[in-house]
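Single-structure report; data block below.
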Amino acid sequence: MWFRRDLRLSDNPALLAAIEAARADGDGRVVPLFVVDPTIWEPAGPIRQTYLVDSLNALGASIDRNLLIRHGDPVTVIPEVVRASGASSVHIAADFAPYGARRDAQVEAALDVPLVRTGSPYAVSPGRVTKGDGTAYRVFTPFYRTWLAHGWRAPASEAPGDVDWWMPMECQGRPTVSAHDIELPTLPPAGEKAAWARWEHFRSTGLPEYDENRNRPDLDGTSVLSHHLKYGEIHPRSLLVDLGDRDDGFRREICWRDFYADVMHQQPASVHSSLDARFDVSMRWNNDDDLFAAWAHGRTGFPFVDAGMRQLRAEGWVHNRVRMVVASFLIKDLHQSWQRGAAEFMYWLRDGDIASNTHGWQWTAGCGTDAAPFYRIFNPVSQGLKFDPNGDYVRRYIPELDHLPGKSAHEPWTALGGYDHGYPEPIVDHKLEREAALADYAAIKKA
Ligand SMILES: Cc1cc2nc3c(=O)[nH]c(=O)nc-3n(C[C@H](O)[C@H](O)[C@H](O)COP(=O)(O)OP(=O)(O)OC[C@H]3O[C@@H](n4cnc5c(N)ncnc54)[C@H](O)[C@@H]3O)c2cc1C
């Protein structure tokens, strides 16, 4: 059983298939394997690396520390483990992301036993929700309707009880997170148990008010399950089954995750290229390094933006509303390409997911599937005043604004002594940059 983005025992169809195959073979032994693939491991920042190590520790603990960890390219590592163990099949959940799908095909070609794909990290696997003529959806709402009508499998049975886990070769040990120049945050607990605890907590406290509070970063109003879903510590169908026919708002968000995975599967080049090609060919980006650094370090002088970017570096997680506002600010106020921002997010996010991140950025830029129109430009100040009405979110991440009460933390320029504690003045004039962005957009529309 080659674990990848499914670091759980319960409701894991690929694992059940591995156990069944082992029993059919006679000896019933299953090798639980995780491969630390440098192509995925190295570009991840310290927060996602740390979270993954925690998650592997949790998985290992749940199988009596029998998790076999090997480092290297899966195309060579998987056949090595198969040879050492005499395994008669290798079991995985299908990966639909461009790199993962390519890697799996190469592993399959290198093996002389079957690579068996059972299930996927999604409620409905990419490629299954299509229009009547079999083509892919490009707009979310009709996708959502067909997705609902398609439905999803019931969760697989409980965690498998009596498995003969087997370690046929020396475990190379947990990956070690190399020294980085940041103080590592205390991350939320990782693993299957933690995921279920968080879901149960949110289901009883946050879900009833989700539709009302989901846009408020100052409140604990969303599930904060994205890192658990990213690593498959809980499967989305487990959440959907618990929802029944209720809670449409939350169900739609789970569907966005499936939608973006589908879009990425259908158009793998969209990892780097704008779906609206005019943005790559004709848009005049200004990739100024100093402006980018001010954004990345939360020193733009726009409190709502800066709080978000400081939260990103501090916790590796940011509220969805704030992700949209900081992304819009980089693209439309600083005129920098969405690709640059997406790469910064992918480095820091503990839930960093290539499909949701890339298409979250393309949506905000106005060049993706079902994108917000480019001309809808978030005002970073009024967004803050609306969604963090008491300034609590901003003060939580910006100590230089701690002395400003209530909503005045969003507008230090209006407060007496607003800049007394070293908070920077705005690096751009939003009104002017908005006009400039609209002019750039008008130019690419003509091109
Ligand atoms: C620029 C940008 C980048 C993003 N990058 C990522 C990323 O790398 N990884 C990631 O998981 N999400 C990403 N998102 C989507 C979204 O912001 C997060 O999934 C959400 O904030 C996670 O918090 P939550 O678990 O409390 O969400 P909830 O509101 O509780 O939603 C439940 C789950 O639904 C899914 N979901 C919710 N909103 C979206 C969405 N817009 N797109 C796709 N799935 C969604 C997530 O799996 C989430 O955990 C990005 C959004 C934007 C605008």
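No lab work stands behind these numbers, since they all come straight from the coordinates. The model shown is predicted, which means the values in this text are computed figures rather than measured ones. Cβ atoms come from the backbone with ideal geometry, glycine included; neighbour counts cover every protein chain shown.
Couple of notes before you dig in:
- Too-long pairs where the Cα-Cα distance tops 25 Å, listed order kept, from LYS193/LYS230; LYS131/LYS230; LYS332/LYS446; LYS332/LYS445; LYS230/LYS445: LYS131/LYS230; LYS230/LYS445
- Mean Cβ neighbour count within 10 Å, used as a protection proxy, ranking 239-252, 20-33 highest first: 20-33, 239-252
- Counting DSSP beta bridges with both ends in the chain, the antiparallel % (nearest 5): 10
- Tensor-based shape of the chain (alpha-carbon gyration tensor, a/c under 1.5 rounded, otherwise prolate or oblate): prolate
- Ordering of 295-307, 162-174 by packing is 295-307, 162-174, highest average first (other Cβ atoms within 10 Å, averaged per residue).
- Approximate spin-label separation GLN172-VAL139, in nm, with each point projected 7 Å along Cα-to-Cβ: 4.9
- Dipole magnitude (debye, nearest 20) for the chain, charges at Cβ of Lys, Arg, Asp, Glu: 920
- Relative contact order, whole percent, for region 290-447 stands at 26, derived from Cα pairs under 8 Å and 6 or more residues apart.
- Between ARG376 and ASP248, the distance separating the two model label sites (each 7 Å from Cα on the Cα→Cβ line) works out to 1.9 nm.
- Packing, as the average of other Cβ atoms within 10 Å across residues, places the peptides 314-327, 418-431, 35-48, 91-104 in the order 314-327, 91-104, 35-48, 418-431, highest first.
- Positive-end residue, the chain charge dipole about Cα centroid, Cβ charges, pick of ALA439, GLN106, ILE63: ALA439
- For VAL116, the residues 5 or more places off, or on other chains, whose built amide H falls under 5 Å of its own are VAL90, HIS91, ILE92.
- Three-way shape label, region 1-120, alpha-carbon gyration tensor, a/c 1.5: oblate
- Whole-Hz Karplus values for region 434-447 come out as 4, 4, 4, 5, 5, 5, 4, 5, 4, 5, 6, 5, 7, 4 Hz, taken residue by residue from phi with 6.51 cos²θ - 1.76 cosθ + 1.60 and θ = phi - 60°; glycine and proline positions read x.
- Whether region 314-447 is rounded, prolate or oblate, judged on the alpha carbon gyration tensor where a/c under 1.5 counts as rounded: oblate
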